[in-house]
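Below: one structure, written as structure tokens.
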């Protein structure tokens, strides 16, 4: 799969995406790290960072994300929202918007898993979402939104999935960027329509979990909490990872 840098000069790709700036790399430790570096230098909202490879790609809580050269789409978008409204549900809002976009490139149904993962057919992880914010004097300065999408499933990674092998990264990024920017532009809690869209693709509802609480998953709430029904009733979990009974985290 050819390099982004070999296909498009950064200004040309920025014009296609309708963003002010694109930064292209052959290899980086993490596109998230590059986004924060560029943000500190004053990069504008909408800056897109793309790399053929990440040598230290990461997910939530510092977990490794395998990002082999040209096997997927490794990108981060820098945004500078006017307020933090909606930030606590942004990873869910992103998943809701990205799932149908990715399904157009997939060979099976695409589902979502609280709080920030997208799966194929309920079993194979396709995409991870990572949102990191930086603040100054209690005011949000920028948000870095990292998206890792497997085109080829990485070898040696259990339960990983990929898109159709004919998928081109240029087509994928031009479909994904507008969906991400649309999600960022919406503030406030999840709407009833968004909750319905999540529920229609929720791979977790009705399944028994052991983290972040023990019980049966009953869905999510408008403020982004995971509802788990246990022996003493329903609890709303806002932190942690969702681990099903019988699975490892």
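The values are calculated or read from the model by the stated rules, or taken from the named source; none is laboratory data. Fair warning: this is a prediction, and the values are worked out from it, not measured in the lab. Cβ placement follows ideal geometry from the backbone for every residue including glycine, while neighbour counts extend to all protein chains displayed.
Looking at the structure I just gave you, is residue 206 under 20 Å from residue 119 (Cα atoms), touching a strand residue (DSSP E or B) at 6+ places or on another chain (Cβ under 7 Å) and assigned to a loop (DSSP other than H, G, I, E, B)? So residue 206 passes the test. Filter region 160-172 for residues that are outside any loop (DSSP other than H, G, I, E, B) and either touching a strand residue (DSSP E or B) at 6+ places or on another chain (Cβ under 6 Å) or without any contact (Cβ under 8 Å) to a residue 40 or more places away in the chain (or both) and give the result. The answer is 160, 169, 172.
Out of the residues in region 126-141 that are over 8 Å from the mean Cα position of the chain (by Cα) and either assigned to a loop (DSSP other than H, G, I, E, B) or crowded, with 22+ Cβ neighbours inside 10 Å (or both), which is modelled with the highest pLDDT? Among them, the one singled out is 126. Tallying residues that are under 21 Å from residue 134 (Cα atoms) and at pLDDT below 95 within region 4-27 yields 0.
Just a yes or no: is a residue in region 197-204 loosely packed, with under 14 Cβ neighbours inside 10 Å and at pLDDT 95 or above? So far as region 197-204 goes, yes, one or more of its residues are loosely packed, with under 14 Cβ neighbours inside 10 Å and at pLDDT 95 or above. Within region 142-156, track down each residue that is surrounded by 14 or more Cβ atoms within 10 Å (Cβ to Cβ) and not in a strand (DSSP E or B). Residues satisfying the conditions are 151, 152, 153, 154. The criterion of being in contact with a strand residue (DSSP E or B) (Cβ under 8 Å, 6 or more places away or on another chain), assigned to a helix (DSSP H, G or I), surrounded by 20 or more Cβ atoms within 10 Å (Cβ to Cβ) and in the same structural domain as residue 175 (by TED's automatic domain parsing) holds for residue 92. Considering region 173-196, the residues that are free of Cβ contacts under 8 Å to residues at least 60 places away in the same chain and farther than 17 Å from residue 238 by Cα include one that is surrounded by the most Cβ atoms within 10 Å (Cβ to Cβ), namely 191. Can you find a residue in region 183-192 that is touching a strand residue (DSSP E or B) at 6+ places or on another chain (Cβ under 6 Å), at negative phi and not in a loop (DSSP other than H, G, I, E, B)? Yes, region 183-192 contains a residue that is touching a strand residue (DSSP E or B) at 6+ places or on another chain (Cβ under 6 Å), at negative phi and not in a loop (DSSP other than H, G, I, E, B).
So for region 212-220 (the condition being in contact with a helix residue (DSSP H, G or I) (Cβ under 7 Å, 6 or more places away or on another chain), at pLDDT 95 or above and within 19 Å of residue 116 (Cβ to Cβ)), does at least one residue qualify? Taking every residue of region 212-220 in turn, at least one turns out to be in contact with a helix residue (DSSP H, G or I) (Cβ under 7 Å, 6 or more places away or on another chain), at pLDDT 95 or above and within 19 Å of residue 116 (Cβ to Cβ).
When residue 106 is tested against (1) surrounded by fewer than 18 Cβ atoms within 10 Å (Cβ to Cβ); (2) within 24 Å of residue 194 (Cβ to Cβ), only condition (1) is not met. In region 95-107, the condition of being outside any strand (DSSP E or B) and modelled with pLDDT under 95 is met by at least one residue. Of all residues in region 114-125, those satisfying the criterion of being in contact with a helix residue (DSSP H, G or I) (Cβ under 8 Å, 6 or more places away or on another chain) and not in a loop (DSSP other than H, G, I, E, B) are 117, 118. In the set (1) loosely packed, with under 14 Cβ neighbours inside 10 Å; (2) over 18 Å from residue 88 (Cβ atoms), residue 210 fails one condition alone, (1).
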